[in-house]
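Data block below; observations after.
The values are calculated or read from the model by the stated rules, or taken from the named source; none is laboratory data. This one's a predicted model, so the numbers in the text were calculated from it and none came from an experiment. As a convention, Cβ positions derive from the backbone with ideal geometry for all residues, glycine included, and neighbour counts pool all protein chains shown. Accessible surface areas use protein heavy atoms only, side chains included; no ligands, DNA or RNA. Shrake-Rupley method; radii C 1.70, N 1.55, O 1.52, S 1.80 Å.
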Amino acid sequence: MTSPTSAIPQPRRRRTALLSVAAWKQFVEVAKPYWLSEEKKKAWWLLFALIALMLVETKLAVMLNDQAGEMTSALAAKNGNRFWTAVRACLFTLAFAVPVYAFYYYMRDLFANHWRRWLTGRFLDGYLKGRKYYALDANKDIDNPDQRISEDINTFTGRSIHFLLIFIGSIMQLVAFSAVLWSISHMLVGVLALYASIGTVVALYVFGNPLIHLNFWQLRREADFRFSLIRLRENAESIAFYRGEEQERTRINLKLDKAIHNFAKLIKKQRNLNMFQRTFSQLTLVLPGVILASGVLSGELEVGRAIQAAGAFTAVLGAVGVIVDNFESLSRFIAGIGRLHGLSRLVLDDAAPAAAAGAAVDAHPSIERRPGTHLALQSLTLHPPQSERVLIKELNLTLKPGDALLITGDSGCGKSSLLRAIAGLWQTGSGTIQHPPQEDFFFLPQQPYLQRGTLRSQLIYPSTHTSLGDAELLAILEQVHLPRLAGRVGGLDAVQDWDKLLSVGEQQRLAFGRVLVHAPKIVILDEATSALDGANEAALYGRLRESGTTLISIAHRPAVLRHHTHVLHLMGEGQWELLDATVYRFDGAPAEMRSNEARVQPARRPPAIAVTG
């Protein structure tokens, strides 16, 4: 089994230039699977439908431009019949052009929405698979994966289709209007090609990398600022008790200042780009007239033909100058691709091998995990992720069905870390963990996780369905000493904000109810009774022991000792001792002790924990 920590390699930081090979490869890696997936028929059909609509729209645009020139020539010649014929033709063309235009944009947005749903599902599958969401929380190089999934994917799909259609439309427009322009003035075509080339080169080399870099960091700064506000809301009660508003405001201001400072640099670059874009586009109002003026003034060219040429010039320049016109949004798009590609390399299976290869050199040794009928730790040495500190060294024990192990020790000695290793969340270290299937484990943290939903959904979590009926679920609530909870909140299907409605003690009892619903073989309790009084704690522990469940507990209160068969005392710096629970004392030295080389005495009541090694 691979832990989420070991499955997440460290990404390499690099800048991606606009329209570079690296940017194109990143785009293809993220986009390609959709076009080869089970949705490919629908995707290609939507794309071809959009291209067909674009062809019709381009043809109608050429017809409207021709009729505009015809109307101008008719007015210049004072030919009324010719003018009104052109007006009728223009209105007839518009009758088709307007619905085609509207339906084209509807189809574009429908396509983007469909692609977003598929791609978001793909990323969510990878994000949740193998608990990678947990490992990413400790990965400092990947910030705000929630924003990348919720916002960056939406931007990616929408902008991808937008720019794809813009480039295809530009090619169509270039072909359609170049023929018109070439028939009027060869010189105008040459000037246009030179003008567009110079503008594109200047935009790429002067404004390219700085804008992409600043847009990348703006996305990150904005996400950090939003996350600080989310933390304030989620921890509102604790902050209110501490009266920590001033420090929270200072922390939020720091995130806001970073976003504002980066945006200030961004808008300066955008100001310069806007000046260039405005100059580039406005000169097109003058150039066609200057070049065609002599022909019109000499009478060789009709005024309408000049107007037609100016329209065609503007259309062709828009086609060849598409990069310049869309440079700002392109730079934001490239920055978003980089963020999304970085996440895809860490959470998607088809990208993982290449990513892992780059990180293999720096990887720590990993704890080996293999299936078994019971839990056994063999020569287990444990490090925190990305650290050389030894928490536990050469730990050997075997936990038989029905055993109960209490883990104790000073704060920071590695108690919760050992539970993470057993659960497969940490794998940095060495040795072997033999374990039953993960479905046989159930974990109870000190602060239970409660969703906003029905009381039924809280009780059966993490399952979404249960074969237990209402009467059985209500009986379980009674067993965990919450007999009136369902009646108080409005029944099993009442929806509440349980974090705020229930005290911590009630939340811990409800979490015990989850254990009774699922009846696991092994229950891991991390200070899971810290908010309970002695009577409730004894009753709940007694219920688990009577069922024959294997227990692994972290606790500091002497009262829980009688519910365990053995004690693992962690002493820090990798040292540990394994003791019979009947001889251990919280308030003094135990009567019988074991060093790493000694062998524990057999427990005085079966079943006993076997010490290997």
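Test Ile230 against the stated conditions and say whether it is under 16 Å from Leu219 (Cβ atoms) and either free of Cβ contacts under 8 Å to residues at least 24 places away in the same chain or among the aliphatic types (A, V, I, L, M) (or both). Against the criterion (under 16 Å from Leu219 (Cβ atoms) and either free of Cβ contacts under 8 Å to residues at least 24 places away in the same chain or among the aliphatic types (A, V, I, L, M) (or both)), Ile230 does not qualify.
Considering the conditions (1) buried (at least 18 other Cβ atoms within 10 Å of the Cβ); (2) out of contact with any Leu (no Cβ under 6 Å at 6 or more places or on another chain), Phe111 is excluded by exactly one of them, (2). Residues that are under 18 Å from Ala335 (Cα atoms) and open to solvent by less than 60 Å² (accessible area, probe 1.4 Å) do not occur anywhere in segment 238-250. Inside segment 95-108, residues that are without any contact (Cβ under 8 Å) to a residue 24 or more places away in the chain and closer than 18 Å to Ile166 by Cα make up a count of 3.
Against the condition modelled with pLDDT under 75 and buried (at least 16 other Cβ atoms within 10 Å of the Cβ), how does Leu174 come out, does it pass? So Leu174 passes the test. Please verify whether segment 48-59 includes one or more residues that are without any contact (Cβ under 8 Å) to a residue 40 or more places away in the chain, within 30 Å of Gly336 (Cβ to Cβ), part of a helix (DSSP H, G or I) and not small (Gly, Ala, Ser). Yes, segment 48-59 contains a residue that is without any contact (Cβ under 8 Å) to a residue 40 or more places away in the chain, within 30 Å of Gly336 (Cβ to Cβ), part of a helix (DSSP H, G or I) and not small (Gly, Ala, Ser).
Within segment 66-86, the set of residues being part of a helix (DSSP H, G or I) and either out of contact with any helix residue (DSSP H, G or I) (no Cβ under 9 Å at 6 or more places or on another chain) or open to solvent by less than 30 Å² (accessible area, probe 1.4 Å) (or both) comprises Gly69, Ser73, Ala74, Ala86.
Residues of segment 35-50 that are of a type in the set (A, V, I, L, M) and open to solvent by less than 40 Å² (accessible area, probe 1.4 Å): Ala43, Leu46, Leu47, Ala49, Leu50.
Within segment 532-550, count every residue that is hydrophobic (A, V, I, L, M, F, W, C) and either under 16 Å from Pro401 (Cα atoms) or touching a residue at least 60 places away in the same chain (Cβ under 8 Å) (or both). Talk me through it step by step, then tell me what you get.
Taking segment 532-550 as the starting set, the residues that turn out to be hydrophobic (A, V, I, L, M, F, W, C) are 532, 535, 538-540, 544.
Within this subset, residues satisfying the condition of being either under 16 Å from Pro401 (Cα atoms) or touching a residue at least 60 places away in the same chain (Cβ under 8 Å) (or both) are 540, 544.
Total meeting the criteria: 2.
Residues of segment 123-152 that are open to solvent by 50 Å² or more (accessible area, probe 1.4 Å), part of a helix (DSSP H, G or I) and not polar (S, T, N, Q): Leu124, Asp125, Leu128, Lys129, Arg131, Tyr133, Tyr134, Asp137, Asp146, Glu151.
Quick one: in segment 26-63, of everything that is at pLDDT 85 or above and of a type in the set (Lys, Arg), which residue is farthest from Ser329 (Cα to Cα)? Residue satisfying both the conditions and the ranking: Lys41. Read through the list (1) more than 25 Å from Leu418 (Cβ to Cβ); (2) touching a helix residue (DSSP H, G or I) at 6+ places or on another chain (Cβ under 8 Å), then give the number of the only condition that Tyr541 fails. So Tyr541 meets the others, but not (1).
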